[in-house]
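Notes follow the structure.
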Amino acid sequence: MSIANLFIPNNSVLYDFQLKSQIQNSNILSSVIVSSPITAANIQAGLLANNAGSPTNLQMPTAAQIVAQFPTMKVNDALSFCLTSVGAGTLTLTTNTGITVQDAGNLCPAHGSRIYYLIFTSITSGSEGIILI
């Protein structure tokens, strides 16, 4: 995999030893309370929260919507966002057109947080593709 642009808080520069690439941030972290479906603009906020009292599914936007929201991303670029459950319910991200889950553990625990990564596999109009990790 080539160098990935990963959006992380505080304009940090990280080194991902698994990818062996420098990962840089160009996104300012903000937070938003979300419900289903999540929008691409929600993902751009960086920190998503949900206060569900019971297990809840949150549908991802389509890959096309995410690609449109991040027009400077290239194939193999990646971004991250954090999902926080501030309630007693676990949160499950469900897929949408063009989104492939690589890690079956797409759950966010109750009263917990999880960082998710989106890797752009195709940015071609009509065949956009993203891997959710």
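Throughout, read-outs are computed from the coordinates displayed, never taken from laboratory work. Everything numeric in this text was worked out from a predicted model, so none of it was measured. Cβ coordinates were reconstructed from backbone atoms using ideal geometry, including for glycine residues, and neighbour counts include every protein chain displayed.
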Legend entry - Gln102-Ser35 pseudo-label distance in nm [points 7 Å out on the Cα-to-Cβ vector]: 3.3
Inset, instruction - Note down the nm distance, to one decimal, between modelled labels 7 Å out along Cα→Cβ at Ile133 and at Ser113. - result: 2.0
Legend entry - Interchain or long-range residues, amide H under 5 Å from Val101's placed H: Leu132
Inset, instruction - Under 1.5 on a/c is rounded, so check that first for the range 44-133, then, if it is not, pick prolate when a/b is larger than b/c and oblate when it is not; a ≥ b ≥ c are the square roots of the alpha carbon gyration tensor eigenvalues. - result: prolate
Inset, instruction - Lys and Arg at +1, Asp and Glu at -1: add these up for the other residues within a Cβ distance under 15 Å of Val67 and post the number. - result: -1
